[in-house]
Every structure is written in C-alpha cells, then in structure tokens.
1. Are there any pairs, at least 6 apart or on different chains, whose C-beta atoms fall under 8 Å, with the first in the range 441-465 and farther than 30 Å from residue 635 by Cβ and aromatic (Phe, Trp, Tyr) and the second away from ligand 3 (no atom under 15 Å from the Cβ) and part of a strand (DSSP E or B), and if so, which?
2. Within the range 598-626, how many residues are on the phi > 0 side of the Ramachandran plot and either within 16 Å of ligand 3 (Cβ to nearest atom) or more than 49 Å from the chain's Cα centre (by Cα) (or both)?
3. Being under 25 Å from residue 504 (Cβ atoms), surrounded by 19 or more Cβ atoms within 10 Å (Cβ to Cβ) and in contact with a helix residue (DSSP H, G or I) (Cβ under 9 Å, 6 or more places away or on another chain), is that true of even one residue in the range 301-315?
4. With (1) within 16 Å of ligand 3 (Cβ to nearest atom); (2) surrounded by 22 or more Cβ atoms within 10 Å (Cβ to Cβ); (3) closer than 28 Å to residue 317 by Cα as the list, and residue 458 as the residue in question, which single condition is left unmet?
5. Residues being under 30 Å from residue 379 (Cα atoms) and surrounded by 15 or more Cβ atoms within 10 Å (Cβ to Cβ): count how many of those fall in the range 417-445.
6. Find the strands (runs of 3 or more DSSP E) located wholly in the range 177-292 whose residues include 3 or more that are closer than 30 Å to residue 388 by Cα and modelled with pLDDT of 85 or more, and list them.
7. Determine the pairs where a residue that is of a type in the set (Lys, Arg), located within the range 259-282, has a partner that is surrounded by fewer than 19 Cβ atoms within 10 Å (Cβ to Cβ) with Cβ atoms under 7 Å apart, the partner being 6 or more residues away or on another chain.
8. Considering the range 640-666 alone, what residues qualify as being more than 14 Å from residue 427 (Cβ to Cβ), out of contact with any strand residue (DSSP E or B) (no Cβ under 8 Å at 6 or more places or on another chain) and at pLDDT 95 or above?
Amino acid sequence: MKNNNNRTLEASFQQGVFDKLLSAIWIYDIDHYHIYWANQAALKMWQADSLEELINRDFKPGTSDAVQHTLRNYQKEFEQQKTISRMWQYNPKGVKKEAFCQMSSFKFDDGRIGLLCEALEPHLLGNSFNQNSVVLLSNYDLMGNFISGNPPFVQKFSSCCQNLQKLIIDDQLRESLLMTIGSNERFEMDVQVRTNAGPCWYRLIADISSEDTLHRTISVQQFDINERKLLELTFAKEAITDSLTGLLNRRGLDRELQKLSIQNEPFLIFYIDLDGFKMINDSLGHQVGDVILKAMAQRLLEINDGKLFVCRYGGDEFILVSSAKNIVTQASTFADKLMSNLNEPYLFDGTQSLLVSVSIGITRYPEDGDDVSKLILRADAAMYSAKKKGKKRWVNYIQGMESGLQRQNEIAQRLFKALKHSNLMLYYQPIYNLELNEIDSFEALLRLNDQELGWVSPEEIVSVAEEVGIIAELEYWIIERAISDLSSLRQLTTDKAMMAINISGIHFSDPKLVPYILGLLEKYKVSKDSIIVELTESALLSDIDIHDNSALRFTEAGITLSIDDFGTGFSSLAYLHKIPASIVKIDRSFTQRLEEDPSLISSIYQLIKSQGFKALVEGVETDQQSRLLKELGISLQQGYGLGFPQALSFYANQFKWEKETQRALT
Ligand code: C2E
Ligand code: MG
Ligand code: MG
C-alpha cells in the first residue's frame, strides 16, 4: 500500500474501504505517540473497543527509548520514500502479539511524517512466517551501555545486554560498529551475539540518533538469522573441505593462499604425491586406498612447526603450507620430517601393513613466484623432478623445472596412443655365459620411437606410466610380448635361453601379477624356470618385513627373481640375505671402475657368491672389461661390448645371414 496521495487515502478511510481488509492498517503519529487512524482489523490487533478508544490511547508510557529511536530512524527513511518490512512484536493491553508490518510514510497536513502500517498476523502469513524474525530493538549510550530494549529483546538478552561489549562477541566487529556509527554512517552486518541461550547469529543494524545532540544514543535493530547463517556456514565449510579427509580442498587452499599472499608473509609450499597410489587402488581396492589417504591426512595434520594448513589437492596429492619466517635451513629439516613421517608403514584391515612412499616438491613465496597458482605449478614441477630422480625424496624448485612437467604430459599422451595402437617395441639384449660360450638369457627392454618425441628412454616411460596410473597395463603388454617372443628367440639363438623381464617396483605388489604371468606361461607353453623377473633392490626390500610379501608370491610360484642394478641402493649388502632372489646383477657403475680398481667388483662378487646368489655384471662395453671379469670368475655378462639390445627381427636376419654364409661355405 502506497501513501502518495493522502487525500484519496483519507477519503477511503471515511468510506470504510479498508475495513473490509483482513490486514490491519493504521497510521501512527511517531512524534506524539498516538494512533491517528486504524481499520477494523487494526482495532482487533490493538485490542481496542472502538476507533475512538484507540485514537485516544497514549503509547508513550509503553514505548521504550529503543523503540522510539528506531521509529525516528524509520521516519528519516520514509522521508526518502523508503518502505520498511519487519516482524514486530506488540503488547496491547498486556497481550503479546506479532505481525509482519510493511511500513511507509504518511504525510500529515502540518508536513510531519507519520507511519502508515499494514500488518498481517502470523496465521494470515501461512508457512512463510518465521517466529524468529521478530525485530529486536535496543539502544545504548555512546559508551555502549544498555539503556532500553523492546520486550522481545529483553526476553532474549536479559542476562547479557548490559553493554555492547558483552553483547557482540567479536571485538573487531564491535570496534568497527563504533567507528562506523561514529562517522554518522549506518552499520549493518551479520554478527554473532551472546543471548541468554548462548551465541546466536543476528543481522544487526546500528545507527546513531541525532535529534538531540546532548542525548545521542546508539540504536540497534536485530533480526534473528541464526538458522540461515548456520546453514550458510555449513555450506561454506563444505565448499572448501575435502569430504574424505576433512582437509581443505583446492578451493579452500586457494582462498587461504590468497589471504597469505595479501598479508605478504613468506611461506613454503610442500607438494606431496604418493608414489604409485594408483597401483594400491587397483591391486588392493579403493577402500584400502581411502584408508591410506585418511591416515596420511591425519599424519599431516599432526605435524607442527610452523605448519599453517593442509589440503588434499587431488586424488593422491596433498599440499602442506608452512610459515617461512626465519627459515632457509628449516625447509629441509621440515621436508625430512615429512618424508620420514609419511613413509612409515600404514595399517589397514586391522593387521595388514603397507609401505607407501611419497615424493615432495618445494616452492617458496615470494622467491619462487608471487602468484599463488604459479607457485603450486612450480611445486608440482619440483615434485615431478623428485619422481624422476627415483621417488621417495624431496626436491626444491629450480627455475625452468616446469618444462619437465610439460614433457611428462606429452609423454603421457603419446604413451596412451602407443599402447592403444601397439606402437611400443621390445628389444632383447643377450646376457652371455662366457664359461659355456653361449647366450644364457635375454633381457627385454622397452622401446618407443615416437613420431613427435623421437626415442623416449624406458626409464622416462615407466616413470610417466607409474605417475598416470597405466603401469600395470603397460607391463602386462610387455610381459605378454616377451613371453610370446621367447620361443622364436630360442629357435633363432639357443633353445635354453631364458627371458628376463623388468618389473616396476610399484607394479610388483599387484597381487594379480603372478597369476597373470602363470596364465601366459601356460598359454605360450613356456616353463616357469624360463622366466626371470628383474627388480631393483629397493623395490624388493620395500615390503620384505611384511608377512606375505610380494617377493615371496613370485618365488613360491616358481618364478626366479633377479636383483637389478645392485649396489646403487644404500643398504644393499646388509639386507641381501633377506631377499628371496637367485640372481644379482652388479650395476654397470662398478664395471666402469673395473680397470682402475678390480678389487671392488671382485669383493662384491665374492660376497654375493658366498650368500648363494648367481652373479651377473651389467654394462660390459669392452673386451678388456669382459676378459678381466672372466679372470675374476664372473662369466655371466651383459653389455654393449657383447651385444646391443635388438628387435626380434634383428635376430631373425642374423640367423638368416648365418645360415646363408654357412650354406655358401659348404
Ligand atoms: P636395466 O634393467 O638395468 O637395463 C639395462 C640398461 O642398460 C638398458 O638400458 C640397456 O640398454 C643398458 N645397457 C646395456 N648394456 C650397456 C652398456 O654396455 N653400457 C651402457 N651404458 N648401457 C648398457 P635401457 O634399455 O635404456 O633401460 C634403462 C632402464 O629402463 C632399465 O635398466 C630398466 O630399469 C628400465 N626398463 C627398460 N625396459 C623396461 C621394461 O620393460 N619395464 C620396466 N619396468 N623397466 C624397464
Ligand atoms: Mg634390468
Ligand atoms: Mg640394470
């Protein structure tokens, strides 16, 4: 209902037009505390016997300062043609009533502004009525001491309304309220306040009354928004929280990092990635994967020392942000601590334990970038570099590392394609038994010659495949190709030759692997003792102390294990006896030092032999090396000097050539 034309309105009053309405309508003279006019419904609402009685009623004794100040403020808003909608509580003749009021201006003949109110009681509002939305009014002196409040306010705040300090929980908000109204502006915000029943959220509007400069007061209106606000806060929290771990999610991290960079405080980002998590999920199931992720989140939360917050950034990626005040050396100590903590075994299913390692990349704000998204990208690049260096380590970001990430993405794309279109190749390098002067076995080595990337090293391919989670698929292809090619190789070379297949440390724990190999052996009619599985010592040692470890699954199935690149790990000799392997491949770095110090390789060989292993030396490039090794008693040798890795077709051609020359000679 608008009040633009008072004359029309008054004519309508007289004709009783408004008496037919269900809503109560009245005009209130704010300055004189009197109702000027009301319709029939309003008489009922005000418990009045007649219009005359209501018009003569003096509202001053029942009006608190707080209410009067609020009405004065409304008056100012009416002057600007504003309307106000509020839930009000009335106490006519001591009867408590509530109504939803739409208030607007009514201009008296003398030019003063009155209040024209149209009120609907709750039963007329239906479901949209909210008990809690009654407006609460209170006022305070300029020191914040309570003066008065309307009845619903007093009822809710009797024990905590002595002053604003007690009312408003947040000190900063209270200060901001006083500052805002001090500069004659309105303060309006969602504020948590103390009520008799505990903290509650209110929309709080505060103004300063200015009609009497000597008695200026702060008038406060409050609307209960607790339910809505709590819901809002829950949504807000959910929107920034990872549902599995309860850590911040990406959005939450972004928000916190933006805040940090605005404060200009130096900080460190630790980008943490599990090594081979996809494999855990695939082989042990997602439930076990989830247990590991949750446990990891818990460990990250428990780490202190300047940690600011932790986020689950992606499937198996976490980001920990720590304060970098007075740091430099601390970053490495912190990273060491993270590593040793996260690499401890994880328990699942009550009794089972699993060793999982992580790789970490570190960036610093602001040194490594002042843009939060760049910092994360760079930490990711440093983490990738840690993976490339052999995983289970941390690496600081160095300028330009991002190009490594780009390459990883490219390789991943090409690898997907190569797997799909069978563009991958296996080369076979002979391993000679020089005592018998024949090929003992072949080592299957992966090759990819990509149209765009050229030759990609197998180490890079394997690392990317592990990272993007297709290592199992890749190695299943390799194993089948190697086993199926063995009979051809045997026909072309020697019929006793065995096939050595490299298996990634991450794939090794896949429980499906042994049955898969056994199935292929049957399919291609190859005996179990024709197959050797090569693994690095760190892969073999990783679960050695666990009952039912992966290595035992192989040996119990009758498959020979070989320790690859022996001597490059750190605990080799001390742990050798624990590994159920039969062959040890001495790394080529020892071969390179053979001529200057033959005793080193000799003593390693003696030790290996004494523990019952067969020893083999890798990287034999020259005749001299081969001869020296033979003199030391090492007859199993592999290297470019004896034979390069070659495709099956090479052996077929060579065989053909040999046959042809033989025929020509005879
Ligand atoms: P590895 O298992 O130790 O294989 C031997 C590597 O040494 C091969 O490198 C081979 O070409 C190279 N090599 C052989 N003789 C000599 C020599 O006289 N001098 C030098 N400098 N190198 C020699 P390649 O083929 O580049 O493979 C590198 C590594 O990539 C392998 O080391 C292995 O760890 C991994 N890899 C290769 N193929 C596969 C595969 O099918 N599966 C898995 N999981 N890893 C593979
Ligand atoms: Mg190998
Ligand atoms: Mg090797």
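1. Hits for this filter: 455/447; 455/448; 455/449.
2. To start, the set of residues in the range 598-626 that are on the phi > 0 side of the Ramachandran plot comprises 612, 619.
Remaining after also requiring either within 16 Å of ligand 3 (Cβ to nearest atom) or more than 49 Å from the chain's Cα centre (by Cα) (or both): 619.
Total satisfying the criteria: 1.
3. From the range 301-315, those under 25 Å from residue 504 (Cβ atoms) are 313-315; that's our starting set.
Narrowing the set further to residues that are surrounded by 19 or more Cβ atoms within 10 Å (Cβ to Cβ) leaves 313.
Retained after the next criterion (residues that are in contact with a helix residue (DSSP H, G or I) (Cβ under 9 Å, 6 or more places away or on another chain)): 313.
Yes: the range 301-315 contains one or more residues that are under 25 Å from residue 504 (Cβ atoms), surrounded by 19 or more Cβ atoms within 10 Å (Cβ to Cβ) and in contact with a helix residue (DSSP H, G or I) (Cβ under 9 Å, 6 or more places away or on another chain).
4. Going through the list (1) within 16 Å of ligand 3 (Cβ to nearest atom); (2) surrounded by 22 or more Cβ atoms within 10 Å (Cβ to Cβ); (3) closer than 28 Å to residue 317 by Cα, residue 458 breaks only (2).
5. Filtering the range 417-445 down to residues under 30 Å from residue 379 (Cα atoms) leaves 417-419.
In the following step, the residues that additionally are surrounded by 15 or more Cβ atoms within 10 Å (Cβ to Cβ) were identified as 418-419.
Looking only at that region, the number is 2.
6. Values: elements: 187-195, 198-208, 218-224, 267-274.
In the range 177-292, the matching strands (runs of 3 or more DSSP E) lie at 267-274.
7. 278/469
8. Within the range 640-666, just 641 meets the criteria.
The values are calculated or read from the model by the stated rules, or taken from the named source; none is laboratory data. All of these numbers come straight from a predicted model, not from anything done at the bench. Please note: Cβ atoms are built from the backbone with ideal geometry, for glycine as well, and neighbour counts cover all protein chains shown.
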